[in-house]
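Enquirer: My structure is below; once you've seen it, I'll send some questions.
The values are calculated or read from the model by the stated rules, or taken from the named source; none is laboratory data. All values derive from a computational prediction rather than experimental measurement. No Cβ is skipped: glycine too gets one built from the backbone with ideal geometry, and neighbour counts run over all protein chains shown.
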Amino acid sequence: MESKSHCKKLAPNEVLPPVVPLESETKARRKNPKQASGRWGESNKFDDAGARLVSTTEQACWRILFRHATNGEARISQQRIAESIGKGLRTVNRSLKKLEEVGLIKVLWRGGLNGGISTYRVYAYPPDSEGTS
């Protein structure tokens with residue numbers, strides 16, 4: 001049994017007409033489409049300036065911290081980070097130390113067994129570099 005298609009087949013030399021966006025779509029677009037804003041903008045800054053400073057495991061730790069950040073501060077346990085990225089606690093501990101050394105995070109509160117979860121300030125790039133290359 002043959003299925004009927006509602007699509008017209010194009011001849012070999014025929015081209016599709018241009019797609020005209022709806023008026024509502026053009027209003028919703030940003031003035032500068034190349035520049036992301038908000039959290040995506042910060043993530044892009046990290047990709048452009050901060051990520052090259054650390055290993056892929058450290059990048060994964062940073063992304064988990066960034067995902068849990070509210071107003072630049074992330075409250076999360078090292079155990080939760082380890083589970084999220086599929087690494088061990090010692091690896092996460094080393095990665096967080098490296099992120100702090102290069103200036104991508106600052107430990108505001110170091111949790112522990114009875115100290116609660118840790119709090120980190122998360123930066124897209126080291127504060128002294130201001131995102132420049």
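Enquirer: Does segment 60-72 include one or more residues that are out of contact with any Pro (no Cβ under 7 Å at 6 or more places or on another chain), among the charged types (D, E, K, R), under 16 Å from residue 125 (Cβ atoms) and modelled with pLDDT under 90? Write out each step before concluding.
Expert: The initial filter retains those residues of segment 60-72 that are out of contact with any Pro (no Cβ under 7 Å at 6 or more places or on another chain), namely 60-72.
Cutting the leftovers down to among the charged types (D, E, K, R) gives us 63, 67.
Keeping just the survivors that are under 16 Å from residue 125 (Cβ atoms) gives 63.
Pick out the ones that are also modelled with pLDDT under 90 and you get none.
Checked against the condition, which is being out of contact with any Pro (no Cβ under 7 Å at 6 or more places or on another chain), among the charged types (D, E, K, R), under 16 Å from residue 125 (Cβ atoms) and modelled with pLDDT under 90, segment 60-72 yields no hits at all.
Enquirer: Moving to a separate point now. Just one of (1) surrounded by 15 or more Cβ atoms within 10 Å (Cβ to Cβ); (2) under 16 Å from the mean Cα position of the chain (by Cα) trips up residue 118, so point out which.
Expert: (2)
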